[in-house]
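*Asks:* Questions regarding the structure given below will be posed in turn.
The values are calculated or read from the model by the stated rules, or taken from the named source; none is laboratory data. Quick caveat: nothing in here was measured; it's all calculated off a predicted structure. Cβ placement follows ideal geometry from the backbone for every residue including glycine, while neighbour counts extend to all protein chains displayed. Each accessible area value is taken on the protein alone, full model and side chains, heavy atoms only, with ligands, DNA and RNA left out. Shrake-Rupley method; radii C 1.70, N 1.55, O 1.52, S 1.80 Å.
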Amino acid sequence: MSHTSSIPASAYHKHPLLMSAERLQVMRDYARQDPEAFWLEQAQRIHWHRKPTKAFRGSFDGDVSIKWYEDGLLNASVCCIDRHLTARGDQVALISHREGRENAEKLTYCMLHERVCRLANALTDLGVEKGQRVAICLPMISESVVAMLACARVGAIHVVLFGGFSAEGIADRLHDSGAVLVITASEAKRGSKSVPFKQTMDEALLKAGKDSTVHSVLVVRTSEAAVPMLPGRDYDFHDFVDSFEPDFIPVVMPAEAPLFMLYTSGSPGKPKAVVHTTGGYMAWAAYTMGMVYTQHPGDVLWCTADVAWITGHTSVVYGPLANGGTTMISDSLPNAPHPGRWLDLVDEYKVTMLFTSPTAVRAMMADGDEVAAAHSLESLRLLGVAGEPISSDVWLWYHDTIGRKRCPVADTWWQTETAGIVLGPVPGAQALKPGSASTPLPGLELVIADQKGQIQQNMAEGSLCIARSWPGQARTIWRDHDRFCKTYFSMVPGFYFTGDGARRDEDGYYWITGRMDDVINVAGHRLGTAEVEDALATDHRLVESAAVGVPHPVKGQALVVFVISRKDAVTQLTEAGIKTLVSDTLGRYATPEDVYIVPDLPRTRSGKIVRRLLRKIASGEVDNFGDLSTLTDQDIVRTICNFVQDKK
Ligand code: WTA
């Protein structure tokens, strides 16, 4: 809450490269007075083949057209690799730690250049052309970074798919994106478990059948285990790629050419692919990551996000590499094979900036203070979180116990659609408030709207919107611009609607209150409750279902589903069967925590399910349901309560 006292910037050791409060204020003023000049200046953070002469053109009204740096020409892989070759070719660009392997793989900028070029040649050899889509479904191994940059080098649009998606989820996304080539792995290790990447991909391609646009599959062999390979379609990644030339002339792209698209859950229903373009995104990734995670010589940034999420794109790959830093990836789990595993790695690789999810912090907190105390952690100078709300007590634990009160904690708020940090503190230049995502970065104008869409001044609470475009803003939803306009620009006309609620306090700090739509956030993964209900609706033994998010001590939120079974069904629905149906359709990450098979659901007279009540009941409340007089059947509340209580 806002009454938690704030920690002044002076509480932390000030590195000469960190921004001062005065300089930050100058930037804010400049951005406000002359946004065009401000954003053209920020674009200088990256390398252009032809520099843009204009920053922004477009509008949030009508057909919503957004263009940044339109006459600029560039290649994103050049921004991330080639431009660093002279000054820091031998500096480590990427540390890739693999559980169970003795030494981490360390790729210098020169080595990364070589790998990316070989793959760019291989992709071209396989017929991949600029503008085509390439799907990447890989665990956290160096090939995932190489693959993204190689796509960028040839001008192909990458679509990174999460390894936790089901075959069906992957098939849908391959179909929607029209991917021509897939880069995947044989399998991945998650703790002691093996995740069968290739097998799932084979099933997905089988489902896609004749409609599939995929002509080639590159498979990184991650273990000795044999996987079936289809001759003429499947290629062993290294056998095939490593023989290509280590040089490839980058394809120069217009700033507005798409760089990648990324699927995310939204409201309502089906996941959608958000499209990001080259120039604006690259400048934005360099700017936002540079403002919060400034790279000093010797810094190692470990952002623990999977590359399949926007944090993986911007904070693992494009941001740190555009800024010439050292980025680290790992396929480890925070507390397996033993508690404190991630802290071992912080010490071992001398991580200076640790950027993770509140879920991971809560998991570390649950391991106990002794685990943290048994580690040195002295390399750390900055801590960060993103992706879900962090409460002030968890923030303070992270700050005190992991950061030893020495390291500022940057709670950053952003979205797949914003592509980079929107709200977040500039470390060393401003006070921190535990539990608040602080203030907008310079150049961003955030507003709070009330229920009628009226913009509120000063201290206020309501829906969080953004008043003006920013370079990294999503341009459209793949093949559905209409949905883009409706989802983001119709709620509060003329403003970008984030879908989140927020409160602004007396100092202008923002406190995110959570999603205002049907999206829930399980361990930092966005999940649409309508997606879950759609998956359940495919089982004809089920009359209706309602999925809700409830508070969870580690995951932040957990998914709970209520289903009504058909009385005349020949075989009965089971809770386990329902969990399997959801995980088979959407992926393991979406498996419900709890399932309740109930006789009916609470409804209003117009037939609408009252989710507010289901959330309360699923959270274990037995009373204080408020006014039930609008329900058609008030007794159902008690009945469902009993179901839930009996199971607990
Ligand atoms: C939530 C992740 C509170 C929010 C980068 C947003 C947060 C959604 C924060 C986007 C934060 C993200 N505090 N909530 N610091 N950061 N969120 O697209 O609801 O996976 O709309 O991007 O996560 O999730 P996405």
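*Asks:* Calculate I(q)/I(0) for segment 391-435 by the Debye formula, one identical point scatterer on each C-alpha and no solvent, and give its log10 at q = 0.16, 0.30 Å⁻¹ to two decimals.
*Replies:* -0.47, -1.07
*Asks:* Could you please tell me the mean projected area of the C-alpha convex hull for segment 86-220, averaged over all directions and given in square nanometres to one decimal?
*Replies:* One quarter of the hull surface, i.e. the mean projection, equals 8.5 nm².
*Asks:* Using helices alone, what [θ] at 222 nm do you get for the chain, with -39,500 (n - 2.57) per DSSP H run of 4 or more residues, divided over all residues and rounded to the nearest 500?
*Replies:* Working: 20 runs with 185 residues, N = 648.
Rounded to the nearest 500, the figure is -8000 deg cm²/dmol.
*Asks:* How many nm separate the modelled label positions at K350 and D211, each set 7 Å beyond the Cα in the direction of the Cβ?
*Replies:* It works out to 5.3 nm between the two label points.
*Asks:* How much net charge surrounds H276 when only other residues with a Cβ under 12 Å from its Cβ are counted (Lys, Arg +1; Asp, Glu -1)?
*Replies:* -1
*Asks:* Efficiency by 1/(1 + (r/R0)^6): what FRET value for S619 and D450, r their Cβ-Cβ distance, R0 = 41 Å, to the nearest 0.05?
*Replies:* It comes to 0.90.
*Asks:* With Cβ to Cβ distances under 11 Å as the rule, what net charge do the other residues near F497 carry (K, R +1; D, E -1)?
*Replies:* Details: positive: K486; negative: E417, D500, D517.
Net local charge, F497 excluded: -2.
*Asks:* So, one more: Once you list every other residue whose beta carbon is under 14 Å from the beta carbon of R115, what net charge do they have if Lys and Arg are +1 and Asp and Glu are -1?
*Replies:* -4
*Asks:* Note down the nm distance, to one decimal, between modelled labels 7 Å out along Cα→Cβ at D594 and at K270.
*Replies:* Rounded to a tenth, the inter-label distance reads 3.3 nm.
*Asks:* Using only alpha carbon pairs under 8 Å that are at least six residues apart, calculate the relative contact order of segment 201-354 and give it in whole percent.
*Replies:* 15 percent
*Asks:* A further question on this structure: Return the Rg/Rh ratio of segment 460-590 with Cα-based radii and a Kirkwood Rh.
*Replies:* Rg/Rh for segment 460-590 comes to 1.07.
*Asks:* Please go through segment 266-309 and write out the chymotrypsin sites (Phe, Trp or Tyr not before Pro) that DSSP classes as loop and that have at most 16 other C-beta atoms within 10 Å. Intermediate values should be presented prior to the final figure.
*Replies:* Details: sites: Y281, W284, Y287, Y293, W302, W309; in loops: Y293, W309.
Those that pass, being in a loop and sparsely packed, number zero.
*Asks:* Over segment 580-633, what is the mean sequence separation of C-alpha contacts under 8 Å (at least six apart), divided by residue count, expressed as relative contact order in percent?
*Replies:* After rounding, I find 30 percent.
*Asks:* Still on this model: From the Cα trace of segment 54-133, what convex hull volume per residue do you get, rounded to a whole Å³?
*Replies:* Numbers: hull volume 14.9 nm³, N = 80.
So the per-residue hull volume is 186 Å³.
*Asks:* Output the Cα-based Rg and Dmax of segment 550-597 in Å, rounding Rg to one decimal and Dmax to a whole number.
*Replies:* Computed over the Cα atoms of segment 550-597, radius of gyration and Dmax are 12.1, 39 Å.
*Asks:* Among all the lysines, which ones have a C-alpha under 17 Å from K616's C-alpha, if same-chain residues fewer than 8 places away are not counted?
*Replies:* Leaving aside lysines fewer than 8 places away in the same chain, those within reach of K616 are K608, K647, K648.
*Asks:* Going by the alpha-carbon gyration tensor, a ≥ b ≥ c the square roots of its eigenvalues, is segment 520-648 rounded (a/c under 1.5) or, if a/c is not under 1.5, prolate (a/b greater than b/c) versus oblate?
*Replies:* Note, shape of segment 520-648 comes out oblate.
*Asks:* How about K189: which lysines have a C-alpha closer than 22 Å to its C-alpha, ignoring those fewer than 8 places off in the same chain?
*Replies:* The reachable lysines, counting only those whose Cα sits under 22 Å from K189, are K106, K198, K555.
*Asks:* Taking only the alpha-carbon positions of segment 150-277 and ignoring solvent, what does the Debye formula give for the base-10 log of I(q)/I(0) at q = 0.10, 0.13, 0.16, 0.23 Å⁻¹?
*Replies:* The calculated log intensity ratios at q = 0.10, 0.13, 0.16, 0.23 Å⁻¹ are -0.36, -0.62, -0.92, -1.45.
*Asks:* Another one. Would you mind calculating the gained length between E41 and A336 on full extension (0.36 nm times residue separation, minus the Cα-Cα distance), in nm to one decimal? Write down the numbers at each step before the final one.
*Replies:* Details: separation 295, 0.36 × 295 = 106.20 nm, distance 4.48 nm.
Separation in residues times 0.36 nm, less the Cα-Cα distance, equals 101.7 nm.
*Asks:* Taking the simple approach of a point 7 Å from Cα along Cα-to-Cβ for both K54 and R468, what is their distance in nm?
*Replies:* Label at K54, label at R468, 1.7 nm between them.
*Asks:* Additional query: With a cut-off of 18 Å, note down the residues of segment 224-243 whose backbone N falls inside the zone around a label point 7 Å from the Cα of E102 toward its beta carbon.
*Replies:* 224
*Asks:* Relative contact order, percent, of the chain when contacts are C-alpha pairs under 8 Å separated by at least 6 residues?
*Replies:* Answer for the chain is 13 percent.
*Asks:* Please report the projected area of segment 149-213's Cα convex hull averaged over all directions, in nm².
*Replies:* With every direction weighted equally, the projected area is 4.7 nm².
*Asks:* Still on this structure, I have one more. What percent of all Cα-Cα pairs in segment 282-402 falls in each 10 Å bin, counting up from 0?
*Replies:* 13, 47, 33, 6, 0
*Asks:* Continuing with this model, one more query. Among D344, D34, D584, D411, what's the order by accessible area (1.4 angstrom probe), most exposed first?
*Replies:* D584, D34, D344, D411
*Asks:* Starting from the Cα-Cα distance between D393 and H296, subtract it from 0.36 nm times their residue separation and give me the gain in nm to one decimal.
*Replies:* 31.9 nm
*Asks:* Going by average Cβ density within 10 Å per residue, which order do the peptides 349-356, 273-280, 207-214 take, highest to lowest?
*Replies:* Working: 349-356: 22.8, 273-280: 26.0, 207-214: 13.6.
Ranked from most to least packed, the peptides come out as 273-280, 349-356, 207-214.
*Asks:* So what is the accessible area of segment 299-397 per residue, in Å², with the probe set to 1.4 Å?
*Replies:* That works out to 27 Å² per residue.
*Asks:* Moving on. So for segment 198-272, Kirkwood radius off the Cα pairs, Stokes-Einstein at 37 °C and 0.692 mPa s: how many µm² s⁻¹?
*Replies:* Values: Rh = 16.1 Å.
Once the numbers are plugged in, D ends up at 204 µm²/s.
*Asks:* Once every Cα of the chain carries one equal point scatterer and solvent is ignored, give the base-10 log of I(q)/I(0) from the Debye formula at q = 0.06, 0.11 Å⁻¹, two decimals.
*Replies:* Result of the Debye calculation: -0.32, -1.15.
*Asks:* Something else: At 0.36 nm per residue, minus the direct Cα-Cα distance, what do D507 and S20 gain on full extension? Give it in nm, one decimal, please.
*Replies:* Contour length minus Cα-Cα distance gives 173.5 nm.
*Asks:* Hey, what's the per residue convex hull volume over the C-alpha atoms of segment 233-287, in cubic angstrom?
*Replies:* Dividing the Cα hull volume of segment 233-287 by its residues yields 174 Å³.
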